Amino acid sequence: MIKVAPSILSADYVNLQKDIEKVDQAGAEYLHIDVMDGLFVPAISYGAGWVKAIRPITKMILDVHLMVENPERYVEDYVNAGADIVGVHVEATPHIHRALQMIKNAGAKTEVVINPGTPVEMIKPVLYMVDQVLVMTVNPGFGGQQFLPETVNKIAELNQIKKEQNLNFDIEIDGGVNNETVVAAYQAGATVAVAGSYVFGADDPAERITAIKDATK
């Protein structure tokens, strides 16, 4: 069964604590926090202060996804604020090894992220040092997009490398995830599913979390 990481990008900002408590009680394991700088992606979102404010209200794993240029500048701020996992894009820094090392040294779990147009080959040199790989299943920056089915091949490729090299990282997917699109990704090897509008856009977020889990039993 896949682990679920609701994305607060689609939550109600005015009633954020209420929405976080809903998905926490519904059995979500992670809370996904998309950080955007208006440069690497067009939109702008949460600073480290948001993470610091969220940390005391939930025991869920805080999964911080840095969609920012030169993420090394911010890594320590987010770890100090309470992030459990920090994800950095291979496309956002010429020093991906150093960025991951900084996350580890700061005391959080490491995640490398790849966009739909980026081949798995680009992250092979650092797979041995990560706790999680995030495969973007839409182009990053906005919620509510449709899942790109061609990304399933990348999940399968990563899963194959993981087995061949006896590595132990989670494979997370993000973008267009619902109880239908999650099935092929799970079968290919995905272990964590980020879901935003599918969960928070529903009258009953708990029902949607259950639907994703039931689809991957």
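All of the numbers you see were taken from the coordinates with simple rules; none came from a lab. Computed from a predicted model, the values in this text were never measured in an experiment.
Tell me whether segment 72-171 comes out rounded, prolate or oblate; compute the Cα gyration tensor, take square roots of the eigenvalues as a ≥ b ≥ c, and use a/c under 1.5 as the rounded threshold.
Since a/c reaches 1.5 but b/c is at least a/b, the shape of segment 72-171 is classed as oblate.
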Quick numbers on the chain, Rg and Dmax over C-alpha atoms in Å, give 15.7, 46
Flagged as over-length at 27 Å C-alpha distance, from Lys3/Lys154; Lys59/Lys163; Lys22/Lys124; Lys3/Lys124; Lys18/Lys104; Lys59/Lys217, the pairs are Lys59/Lys163; Lys22/Lys124; Lys18/Lys104
At 4 °C in a medium of viscosity 1.567 mPa s, segment 115-217 has a Stokes-Einstein diffusion coefficient, with Rh taken as the Kirkwood radius over alpha carbon pairs, in µm² per second, of 93 µm²/s
Length gained, Ile57-Gln101, 0.36 nm per residue minus C-alpha separation, equals 13.0 nm
Calculated from DSSP helices alone, with each H run of at least 4 adding -39500 (n - 2.57) and the total divided by the residues of the chain, [θ]222 nm to the nearest 500 comes to -9000 deg cm²/dmol
